[in-house]
1. Please work out which residue is modelled with the highest pLDDT, limiting yourself to the stretch 116-165 and to residues that are of a type in the set (Val, Ile, Thr) and surrounded by fewer than 16 Cβ atoms within 10 Å (Cβ to Cβ).
2. Within the stretch 79-102, work out how many residues are modelled with pLDDT of 90 or more and either surrounded by fewer than 14 Cβ atoms within 10 Å (Cβ to Cβ) or farther than 16 Å from Tyr128 by Cβ (or both).
Amino acid sequence: MAMKKYLLAACLLVLCGVVAVAQDGEGNGGGFDRNKLFFGGNFGLAFGNYSTLVNVSPQVGYRFNRYLAAGAGVNFIYSSYKYDFGDINQNYKEQYGVTGLNVFGRVYPIEYIFLQVQPEANYTWLKYHFYNGEPDQKLPNKIVPSLLGGIGASIPAGRGYFIVTANYDLLQNKRSPYGNRAFFNFGYNFGF
């Protein structure tokens, strides 16, 4: 656990260093240029007889120069799934929630291709509701660190960019909302 904390702290320091160095790069004399801001994130809804998913995770970022961008965001994910085994004594509903904060840094080695690192601190909760009358069970609420590493593409479209990323949680915490496999995000960034 201590190793994960050191890794997360090191990534945050590297990100801060990238931001500090990037401020000396291209621009209008080193000042803030609001035209370099971009807004985006993830938004998803899924509803069915057995499952529900709500994901609202906006982000704001700043493109320092052709090679570097960084930003921050919030996470909110809620999911529920009903397990129906045909026997009331075995049926239950699982409810899982995540709220958290993230920061991200992107390096563009090629104009529309980027590498991204995204440290996160997510507060998670998990509840089981049994349909046979047993009392609900809850796992202790917990703050779970994640460190997403990924590669992506930004495809120009209108006044912004379609964003496609492949990510993986490098810390692999047992309660991570991302599991132990690579996953894809699709989105749109407005601006820059």
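The values are calculated or read from the model by the stated rules, or taken from the named source; none is laboratory data. On a predicted model such as this, the values are computed, not experimentally measured, just so you know. Positions of Cβ are generated from backbone atoms using ideal geometry, with glycine treated the same way; all protein chains shown enter the neighbour counts.
1. Here is the first cut: in the stretch 116-165, the residues of a type in the set (Val, Ile, Thr) are 117, 124, 143-144, 151, 155, 163-165.
Subset that is surrounded by fewer than 16 Cβ atoms within 10 Å (Cβ to Cβ): 143, 151, 155, 164.
Numbers: Ile143: 95, Ile151: 98, Ile155: 93, Val164: 93.
Of everything passing the filter in the stretch 116-165, Ile151 is modelled with the highest pLDDT.
2. So the answer is 5.
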